[in-house]
Amino acid sequence: MVLFHLSVSSRPVAWALLLASLLPAVPALGESLVEPGDTLHVSILDAPKLGGDSKIDADGRIVLPQLGGIAVAGLGLDAIKARIEALLVKRDILKAPSVLVRIARYRPFYVGGDVRRQGAVDYEPGLTVRHSLILAGGVESADEEKLPQGGIAALRAKWKDSNYQLFQVNSRIAQLEAELTRNDKAIAPAAPAAIPAGEAQAVIALDQNILHDRLATWTGSQAHLREGMALFDLEIDVLAKQADLQRKEQQLDKDQVENARKLVDKGLLPLPRLQELQHEESRATRDLLDNQAYMARARQGRASVEYDLNSADIKWRVEIRQKLRDAMLDRVRLKTELDVISAQILNAGIAVEETLAKPQIDVVIYRSVSGHEESIKAGMETAVLPGDILDVSLTPSPAG
């Protein structure tokens, strides 16, 4: 959604704004102009109650509180913004207004002719003729509706859809088989004639990218687990060295306590000093016990990581085999479904090969430009604008 916000000077220039409101607005190059049917959202920063949504009526006006009707049809959003700001100054409502204007909802466009659903379609920026045909339910030849077999169009659509699904499943199976053997290149399945080469290659490329990402994830997970084990090994080694030092310190403390006890017995050392040495010996013992507890936890953590590392490959293979089994079941189901649809098409008196024939789709856009209607011969990627009228005609498929 496009948003225009033109800053105004902190010092109001009322006469300049008034003059701007009286001069015809000239839209910027490429700027879309609003027309009746569009809904605008106006935000007035210093007076939010004066703004809101307003639909442009048949006379080309929007209505805002205290401002009434404002002619906006044929203007760009920046010109509408300037006009509203000028009116706010002119009517002495705000001295230095700051207005934001955006399109809240576009006027619809219309699709008619050989489509499933004719009529008005809500507009969104970026729509093309291809999008419009999809929104209208797709093309549908009137000739097909007259055939005795009224469901032939649906059968053809199901036949093509089943071909696409079967190809996608085959590509998925190839990707899973390659992943199971840690092969970063899957063997691409042959595409049926119903699928254009470009679309088939897109499916294969997508599955190949999934394969690369999955293998990269597995490799990264393995490396992460090995790094975790290495960190636990380092922690265990540091704790072991620390424990050796603590044992030596503990032995020294014991020797000092024993010597001090002898001196106390002889009256050569005060008793408080002996008690102080005994306290230090107790502290050293507690430190060693804490170290051993840390060592036990580190060894437990390493064992858990080692288990995850050893079982990761098994879990990975089980997951892939489960997905491969499901994909193979889907392939059997789709092949059966395709056989049934093909038989139904043959029973309708139409060769299956005719489903590959693509009818010619002609689209003419009728567009109002500066008050005059123009007709545009459109392609699938031609942009659609609000208010356009699309006339779709479908050249009938050759009889079989």
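Taking R0 as 22 Å, what's the FRET efficiency between D287 and L231 from their Cβ-Cβ distance, rounded to 0.05? Efficiency, from the Cβ-Cβ distance: 0.45.
Computed from backbone phi, the HN-Hα couplings of the range 38-45 come to 6, 10, 9, 10, 10, 10, 10, 4 Hz, rounded to whole numbers (Karplus: 6.51 cos²θ - 1.76 cosθ + 1.60, θ = phi - 60°; Gly and Pro given as x). Quick check: convex hull of the Cα atoms in the range 49-205, volume per residue, rounded to a whole Å³? Taking only Cα atoms, the range 49-205 has a hull volume of 219 Å³ per residue. For the range 283-289, putting each phi into the Karplus relation 6.51 cos²θ - 1.76 cosθ + 1.60 with θ = phi - 60° gives couplings of 4, 4, 5, 5, 4, 5, 5 Hz, in residue order, rounded to whole numbers and with x for Gly and Pro. Quick one: net charge of Q300's neighbours, Cβ under 12 Å, K/R +1, D/E -1? For residues surrounding Q300, the net value is +1. Placing +1 on the Cβ of every Lys and Arg and -1 on the Cβ of every Asp and Glu, with nothing else charged, gives the range 171-211 a dipole about its Cα centre of roughly 40 debye.
So, in Å, what gap is there between the alpha-carbon centers of the range 89-109 and the range 159-208? One Cα centre to the other: 53 Å. For the range 235-246, backbone phi angles converted through the Karplus equation (6.51, -1.76, 1.60; θ = phi - 60°) give residue-by-residue couplings of 4, 5, 5, 5, 5, 5, 5, 5, 5, 4, 5, 5 Hz, Gly and Pro being listed as x. Amide H to amide H, with H built 1.01 Å from N, D114 comes under 5 Å of V392, S393, L394, counting only residues 5 or more places away or on other chains.
Enter the Cα centre distance for the pair the range 258-316 and the range 211-255, rounded to the nearest angstrom. Using only Cα atoms, the two centres lie 18 Å from each other. For A104, nonlocal amide neighbours, meaning residues 5 or more places apart or on other chains whose placed amide H falls under 5 Å from its own, are T39, L40, H41. With Cβ to Cβ distances under 13 Å as the rule, what net charge do the other residues near R261 carry (K, R +1; D, E -1)? Result for the neighbourhood of R261: -2.
For the cross-link pairs K55/K160; K241/K315; K158/K315; K160/K315; K335/K377; K55/K95, the ones whose C-alpha atoms lie over 32 Å apart are K55/K160; K241/K315; K158/K315; K160/K315; K335/K377.
None of the figures in this text is laboratory data; all of them are computed from the coordinates on show. Fair warning: this is a prediction, and the values are worked out from it, not measured in the lab. Reconstructed Cβ throughout: ideal geometry from the backbone, glycine too, with neighbour counts over all protein chains shown.
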